[in-house]
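Here the structure comes first, spelled out in structure tokens, and everything after it is commentary.
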Amino acid sequence: VQLVESGGGLVQAGGSLRLSCAASLRTFSSYNMGWFRQAPGKDREFVACIVQSGGRPYYADSVKGRFTISRDNAKNTVYLQMNSLKLEDTAVYYCSATAGWGTPLTPNEYDYWGQGTQVTVSS
């Protein structure tokens, strides 16, 4: 299984970025997909997830209203649209996947991880 993130980079505060994660999962639509981030010296934290099939999204309070997670099951891809970026959004962003039911909001609930993509927000 491979999860490959792309779309990170350097952006000014208030700007936008769109992250993509291409997954080599045979039954992609049956997986819950998540985005996490990790800043230097901090633990990996939940950003957003989108559950299997119906695709209901969940967000961390810190990104609610600014970030949007979506998925394209035909392309085996999950996206994270990030708007109104803040300095504190600077981190390495990781895509993750887990099968099964429920709403996985913690890193331990995920089985597969991408290599991460750096997002840097400057003032």
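The values are calculated or read from the model by the stated rules, or taken from the named source; none is laboratory data. Only a predicted model underlies this, so the values are computations on that prediction, with no experimental measurement involved. Neighbour counts run over all protein chains shown; Cβ positions are idealised from the backbone, glycine included. Just the protein is used for accessible areas: all its heavy atoms, side chains included, with ligands, DNA and RNA removed. Shrake-Rupley method; radii C 1.70, N 1.55, O 1.52, S 1.80 Å.
Mind listing whichever residues of the stretch 99-108 are within 14 Å of the chain's Cα centre (by Cα) and either surrounded by 18 or more Cβ atoms within 10 Å (Cβ to Cβ) or assigned to a loop (DSSP other than H, G, I, E, B) (or both)?
Looking only at the stretch 99-108, we keep the residues that are within 14 Å of the chain's Cα centre (by Cα), and these are 104-107.
Hits for the stretch 99-108 are Pro104, Leu105, Thr106.
Evaluation of Arg37 against the conditions (1) farther than 30 Å from Ser123 by Cα; (2) in a strand (DSSP E or B); (3) basic (Lys, Arg) shows that the sole unmet condition is (1). Checking each residue in the stretch 11-33 for being outside any strand (DSSP E or B) and over 28 Å from Gly100 (Cβ atoms) picks out Ala13, Gly14, Gly15, Ser16.
On the basis of being out of contact with any strand residue (DSSP E or B) (no Cβ under 6 Å at 6 or more places or on another chain), surrounded by 14 or more Cβ atoms within 10 Å (Cβ to Cβ) and outside any strand (DSSP E or B), does Ser53 make the cut? No: the conditions fail for Ser53. Just checking, does the stretch 8-30 include any residue being under 11 Å from the mean Cα position of the chain (by Cα), aromatic (Phe, Trp, Tyr) and more than 13 Å from Val119 (Cβ to Cβ)? Among the residues of the stretch 8-30, not one is under 11 Å from the mean Cα position of the chain (by Cα), aromatic (Phe, Trp, Tyr) and more than 13 Å from Val119 (Cβ to Cβ), which makes the answer no. Every listed requirement among (1) modelled with pLDDT under 95; (2) under 9 Å from the mean Cα position of the chain (by Cα) is met by Gly54 save one, (2). When Gln12, Gln38 are checked against the criterion of being touching a residue at least 40 places away in the same chain (Cβ under 8 Å) and in contact with a Lys or Arg (Cβ under 7 Å, 6 or more places away or on another chain), a single residue qualifies: Gln38. Taken as a whole, the stretch 85-92 holds no residue that is surrounded by 15 or more Cβ atoms within 10 Å (Cβ to Cβ) and free of Cβ contacts under 8 Å to residues at least 24 places away in the same chain. A search for C-beta distances below 7 Å between a residue of the stretch 109-123 that is open to solvent by less than 50 Å² (accessible area, probe 1.4 Å) and any residue that is polar (S, T, N, Q) and in a strand (DSSP E or B), counting only pairs 6+ apart in sequence or on different chains, returns Tyr110/Ser96; Tyr110/Thr98; Thr117/Ser6; Ser122/Gln12. For the stretch 36-46, a residue qualifies if it is open to solvent by less than 50 Å² (accessible area, probe 1.4 Å) and in contact with an Asp or Glu (Cβ under 9 Å, 6 or more places away or on another chain), and the qualifying residues are Phe36, Arg37, Ala39.
The residues on offer are Ser62, Ser96, Ser70, and the sole one that is in a strand (DSSP E or B), surrounded by fewer than 16 Cβ atoms within 10 Å (Cβ to Cβ) and at negative phi is Ser70.
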